[in-house]
Amino acid sequence: MELLAQSTTTSGGISGGALLVIFALFGVYIAAFWMIFTKAGEPGWAAIVPIYNTIVLLKIVGRPSWWIFLMFIPFVNLVFLIIAYNDLSKSFGKDPGFTVGLILLPFIFFPILGFGSARYLGPAAQAPAGVGVMAPPPPPPPPMP
């Protein structure tokens, strides 16, 4: 009895549909960062330049630009990116819950920040110690007798 050779092909790559979804999410991400940078008074084109876009993000949130070097250290970069995202949400007047959204669902929360009604309030990291951008005003002084 003769055995017939069966031919199976596996591409081992990404399918066309998955690649289309990845490019669409990447386009939304770039457009959202373009708008975030524009709202913060920075050039929107900086969103498409690798490494420079992180430097601009650090400038927007009020962190020193030398933090870019920390972004190249594995695991350390995750900690400092979370800090930068937290400062970004505070810079736009959002709460810590929004930071969790930026970390876990960036393809939803970055467009909300970029295309939504959020206004840039200034760099959150440069606020005085103990006083965040979202802190309530101090209470009025007591009346004089």
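When segment 87-115 is filtered for residues that are assigned to a helix (DSSP H, G or I), buried (at least 20 other Cβ atoms within 10 Å of the Cβ) and either basic (Lys, Arg) or in contact (Cβ under 8 Å) with a residue 24 or more places away in the chain (or both), the ones remaining, listed by number, are Asp87, Leu88, Ser89, Lys90, Ser91, Phe110, Leu113, Gly114. Considered as a group, the residues in segment 12-35 that are modelled with pLDDT of 90 or more and touching a Leu at 6+ places or on another chain (Cβ under 9 Å) include one that is farthest from Lys59 (Cα to Cα), and that residue is Ala32. Would you be able to tell me the number of residues in segment 18-43 that are part of a helix (DSSP H, G or I) and either surrounded by 18 or more Cβ atoms within 10 Å (Cβ to Cβ) or touching a residue at least 24 places away in the same chain (Cβ under 8 Å) (or both)? Residues flagged as part of a helix (DSSP H, G or I) and either surrounded by 18 or more Cβ atoms within 10 Å (Cβ to Cβ) or touching a residue at least 24 places away in the same chain (Cβ under 8 Å) (or both) within segment 18-43 amount to 11.
The values are calculated or read from the model by the stated rules, or taken from the named source; none is laboratory data. Nothing here was measured: the structure is a model prediction, and the numbers come from that model. Neighbour counts are summed over all protein chains in view; Cβ atoms, including those assigned to glycine, are modelled from backbone coordinates with ideal geometry.
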